[in-house]
Amino acid sequence: MKAAIVGPANTFCFSEASLRLLRENGEPAALPEQSVLFREGERPTGLFFVLAGKVKETLLSEDGREITLSLYYPGDLFGKFDPFDGAPHDTSARTTEPTSLLWIRQEKLDGLLACFGDLAVEFARWSGYMNRLMRTKYRDAILYGKTGALCSALIRLANMHGADRIRITNAELAD
């Protein structure tokens, strides 16, 4: 299992103190390849913090094709946080290799955000960043089609990471 963080994680907007709080309040899980974390339509139960391995977030099209929305690596935080109505997941997530992660229960996260103002502000920034990233992916797919969206994703990866530290397979690019 790969344990090194491969590049700037999506948690860059959290301070070390806030990341420590999240880690200390997460429940560890070691999962084999192809383990399902959540499915479309299920109620969210919290967020996930990847310690090692890789997770793929997908969406099913009307014709049953699986569309990859995101890949999460060590240091990344993901999942659905909906403080208003607990709407169900609109995506699915599963491991693509043996993966270690922390599960941060919704109730625990609610308490942390209520008690720690700095964490709440950083969480709002993270949430906004993740929302903007997903909107960008949707925009690219709608405006530029699959090929244009792939080019945009490659440019975004090059700008974010700047070096060949992430190995992406042809199959992952095709998704």
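The values are calculated or read from the model by the stated rules, or taken from the named source; none is laboratory data. As the structure is a computational prediction, the values presented were derived from the model and not from experiment. Don't worry about glycine lacking a Cβ; one is built from the backbone with ideal geometry, like all the others, and counts go over all protein chains shown.
Some notes on this structure:
- Test set (1) more than 12 Å from the chain's Cα centre (by Cα); (2) farther than 28 Å from Ile142 by Cβ - Gly75 fails condition number: (1)
- Pairs where the first residue, in the range 107-133, is within 13 Å of Lys80 (Cα to Cα) and the second is β-branched (Val, Ile, Thr) and surrounded by 12 or more Cβ atoms within 10 Å (Cβ to Cβ), C-beta under 8 Å, 6+ apart: Trp126/Thr11
- Matching residues in the range 59-81 - criterion: being closer than 21 Å to Ser100 by Cβ, among the hydroxyl-bearing types (Ser, Thr, Tyr) and not in a loop (DSSP other than H, G, I, E, B): Ser70, Tyr72
- Residue check, Leu119 modelled with pLDDT of 90 or more and either assigned to a strand (DSSP E or B) or not polar (S, T, N, Q) (or both): yes
- Hey, Phe38 over 22 Å from Thr136 (Cα atoms), surrounded by 12 or more Cβ atoms within 10 Å (Cβ to Cβ), in contact with a His (Cβ under 8 Å, 6 or more places away or on another chain) and free of Cβ contacts under 8 Å to residues at least 60 places away in the same chain or not: yes
- The numbered conditions (1) among the hydrophobic types (A, V, I, L, M, F, W, C); (2) at pLDDT below 90; (3) under 15 Å from the mean Cα position of the chain (by Cα) are all true for Leu60 except (3).
- Number of the condition not met by Gly64 [criteria: (1) without any contact (Cβ under 8 Å) to a residue 60 or more places away in the chain; (2) under 12 Å from His89 (Cα atoms)]: (2)
Quick grid of which residues meet (1) in contact with a helix residue (DSSP H, G or I) (Cβ under 6 Å, 6 or more places away or on another chain); (2) at pLDDT below 70:
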position	(1), (2)
Asp90	no, no
Leu101	no, no
Gln106	no, no
Leu109	no, no
Thr147	no, no
Ser152	yes, no
His161	no, yes
Arg165	no, yes
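- Just so you know, in the range 92-112 the residues that are of a type in the set (A, V, I, L, M, F, W, C) and within 19 Å of the chain's Cα centre (by Cα) include one that is surrounded by the most Cβ atoms within 10 Å (Cβ to Cβ), and it is Leu101.
- Restricting the range 12-35 to residues that are surrounded by 19 or more Cβ atoms within 10 Å (Cβ to Cβ) and of a type outside the set (A, V, I, L, M), the residue that is farthest from the chain's Cα centre (by Cα): Ser18
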